[in-house]
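So the structure is just underneath, and the comments pick up after that.
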Amino acid sequence: LQNPDVHTITFLPAGSGNDLARGLGLPGNPSEFFKQLTESPDYEEKQIDLAAAYYKDGDEDKKKLFAVSAGFGFDAQITKGTHNSKIKKVLNKLGLGKLCYLIVGLQSLAALKPQEAKHPQSCRHLQK
């Protein structure tokens, strides 16, 4: 935001994890969150930092802002698989949305193939 003193934003925790709400000590249930936001005399504004990930999409430079975490590899595979899972909607309706992460994690672990990793010569100074 150009001028954060003029603009206040909020978010609606609607996912199965609600990591941002949990990290800020806020209710993860949207109804409870809205009730606290509109009715609580203890409501306080909180400032949070955002991080940026810069990457290329073809020849185009791109940037994504995020507030909670960023990952790659195994954890990113689980997050993407959970997001795209057809069983997630069913589990969310049963209040078991987090179970989807376990299911997809086990599926990903079973399909995991060892990979060889090499570091570039320029990173040798990082070795002890």
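Only the coordinates and a few stated rules stand behind these numbers; no lab work does. What you are looking at is a predicted structure, and each value in this text was computed from that prediction instead of being measured. As a convention, Cβ positions derive from the backbone with ideal geometry for all residues, glycine included, and neighbour counts pool all protein chains shown.
Overview of values
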{"read-out": "Stokes-Einstein D in µm²/s, Kirkwood radius over Cα pairs - region 69-109 at 25 °C with 0.890 mPa s viscosity", "value": "240 µm²/s"}
{"read-out": "Highest to lowest packing among 91-102, 66-77, 45-56, scored as the average C-beta count within 10 Å", "value": "91-102, 66-77, 45-56"}
{"read-out": "Partners for Lys46 among aspartates and glutamates (Cα-Cα distance below 15 Å; same-chain residues under 8 apart left out)", "value": "Asp5"}
